[in-house]
Structures are given as C-alpha cells and as structure tokens.
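Participant: Take this structure first; my questions come after.
Every number in this text was worked out from the coordinates using simple rules, so none of it is lab data. What you are looking at is a predicted structure, and each value in this text was computed from that prediction instead of being measured. Cβ sites come from the backbone with ideal geometry, for glycine too, and all protein chains shown count toward neighbours.
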Ligand code: PBG
C-alpha cells in the first residue's frame, strides 16, 4: 500500500499521544455543588445523588477541608430552607441558610471560591423559580427578588453569583444592584442556555424543589433549540455576564461548541444531576468502568468548548486525576 497519510503514526506510543493531545482535564476546571440544610449535626447522603450529602452548617468544616485538600478551588452553594412562602423570603434573608453557610465557609477557608445559585424554587411554597401571578411566573416582579437574593449572598461574602432562574433581564438587574452597592468586582456566571430538561430530576429530589403545579417550560428553554441559545448568550453578555453557561452538558455538547465558536467568553458546562445519577446507577450494576467513563465524559465537555465544569463527580475526578 502506498499510503502517505497514516494517522496511526501519531498513536504509536504514550509519548507521542501525549505530545499531540488537544485537551486535558484539570482540577482547576471544577466547581463542586454543595447542599446545605438547617439543623445541627447533619451529614446525610442524598438518596438521589449518591456520595453527595446534605450538610448542616456545623458539619461543613471537614467537607471544606477535604475539598480543598483535593485541590478543588470552587464550590457552588444550594440551600434548603426550613420555611417556604409565596415569595421565597428565606432566599434573601441575610441570616438565611446560604448566607450563614457562606460566612462559615469563608471562616474555614477564605481562599475557596464560593459561588451561589440564585433562584427561588427551593424557597417558594409553589416550587417555581419566581413570583406567581395568575398561574404564570411574572418576569419583571421576579427580577426585584433575584436582585435582592444576589445582593444578600454577596454581602455575606459570596465571590460569584449564578442566576439559574431564566427570567429575562436578570443579569442586568443583578449587575445593577451589585454595582449600586459597591460590589463592582463580583462576577456573574449566567445560566444562559438552561433547558427545560428531564435531567434535573435527582436534583429536585435533593433540593426539594419540584414545581407544585405545571412545569418550567415557560421560562427554561426548549431542548429542540440551539439558535435560541446563542440569542440568550448574547443578551446575557450585553447585560454584563462574566461567564456564560450551558445546562445540562452531556446532551448539549453541540450547544457548548456553537457558543464557544461564536463568543470569546469563559464558558461553563453544568454536568447535571441526571447525568450523574445515570452513571452512578450503571456503575453500581457493574455495567461500566466508572472512573474511565466519568473522565471521558468530563473531557468531552472540555473538548466541546467548556472552560469550567460544574459537577457532582468533582471530588472523585480530582482523586483520579491525581492518580493518573
Ligand atoms: C434551580 C436549579 C436547578 C438546578 C440547578 N439550579 C433545578 C431546576 O431548574 O429545576 C439543576 C441542577 C441539576 O440537575 O444538577 N433552578
């Protein structure tokens, strides 16, 4: 055979494969989600998200130390309040669960980057991500609340806020209130292309945030669309987003790539609860090699164009990367 081009030349041994490798996973890419609950002495495994836990604030110390010892430098906080009402008032309570958790984490390790999810669904008694008027989430009314929630988290010491509600105009509303209060240096990571996805099921079980009626399709995006994702990203950038996000990740790698090709912005991928749970379940049945599958999956998100990966696998992946 007279073959001039032989791609296998570059796969011959480890050294040459290492030389030409285009992407690599790094522990610095990870944000680890953390769930905090009211009460004392609680470290309880989350049934729908095995190997992830609900922590009361007094039990955070070991976890934070473990996370930082693994080299993970960022967490994303989710709070489970013990009171819910129509306007999610615990979400912007300066002494709410997330606000106290931020202060505690900063006491344990001031260098750990603390990002917070800005949304109302864990805090409203109807389980929707905003204020309800006539069975519909009222966009502009909700913006006022989201801004207050973000301000309250930042006052408590959050380094970055991540609005996940999908209201129109929330990035501008949050940027404005932060700037008016002198928090010009606090970054906003926008859940820009957040789809109305079935992959959030295990999270909603973990966060007790299942909508009491209807679904989230009037605010989260239709999984069929990707041009629309570019429009959402563009709006968020115009409104002042510092980082944009695609969520979920695995079924939306094409969207990640399109955004990376079209905007020179830091891009996050949220490797969501359903994606995590599927792998955990298959691994438990002995059907897959969990370590290899997880590392391959996270690498595929980076290859698609993600700079940051929010993942429940972060601690395992950090351990495995150390072993490699
Ligand atoms: C809050 C929020 C959700 C997730 C992150 N923030 C749930 C939802 O939109 O219903 C899902 C995360 C996951 O599935 O891992 N709105």
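Participant: Could we say that residue 10 is free of Cβ contacts under 8 Å to residues at least 12 places away in the same chain, surrounded by fewer than 13 Cβ atoms within 10 Å (Cβ to Cβ) and in contact with a helix residue (DSSP H, G or I) (Cβ under 6 Å, 6 or more places away or on another chain) here?
Facilitator: Taking the combined requirement at face value, the residue satisfies it.
Participant: Give 244, 210, 233 a once-over and let me know the one that is under 20 Å from residue 272 (Cβ atoms) and within 15 Å of the ligand (Cβ to nearest atom).
Facilitator: 210
Participant: Name, by its number, the condition in (1) more than 16 Å from the ligand (Cβ to nearest atom); (2) free of Cβ contacts under 8 Å to residues at least 40 places away in the same chain; (3) farther than 27 Å from residue 146 by Cβ that does not hold for residue 83.
Facilitator: The number of the failed condition is (3).
Participant: Right, here's the next one. Just give me the residues in segment 154-187 being in a strand (DSSP E or B) and within 15 Å of the ligand (Cβ to nearest atom), in sequence order.
Facilitator: 160, 161, 162, 163
Participant: Considering only segment 295-317, state which residues are buried (at least 22 other Cβ atoms within 10 Å of the Cβ) and outside any strand (DSSP E or B).
Facilitator: 298, 301, 304, 306, 312, 313, 314, 317
Participant: For segment 226-241, enumerate the residues that are in a loop (DSSP other than H, G, I, E, B) and within 17 Å of residue 261 (Cα to Cα). Can you show your working first?
Facilitator: Step one: filter segment 226-241 for residues in a loop (DSSP other than H, G, I, E, B), giving 226, 240-241.
Hit for segment 226-241 is 226, nothing else.
Participant: Here is a further query. Please state which one of 142, 116 is free of Cβ contacts under 8 Å to residues at least 40 places away in the same chain and crowded, with 23+ Cβ neighbours inside 10 Å.
Facilitator: Of 142, 116, the one residue that is free of Cβ contacts under 8 Å to residues at least 40 places away in the same chain and crowded, with 23+ Cβ neighbours inside 10 Å is 142.
Participant: For segment 60-78, indicate whether the set of residues that are more than 22 Å from residue 154 (Cβ to Cβ), more than 16 Å from the ligand (Cβ to nearest atom) and assigned to a strand (DSSP E or B) is non-empty.
Facilitator: Within segment 60-78, none of the residues are more than 22 Å from residue 154 (Cβ to Cβ), more than 16 Å from the ligand (Cβ to nearest atom) and assigned to a strand (DSSP E or B).
Participant: Another question, then. Has segment 301-313 got at least one residue that is away from the ligand (no atom under 13 Å from the Cβ), touching a helix residue (DSSP H, G or I) at 6+ places or on another chain (Cβ under 6 Å) and free of Cβ contacts under 8 Å to residues at least 12 places away in the same chain?
Facilitator: no
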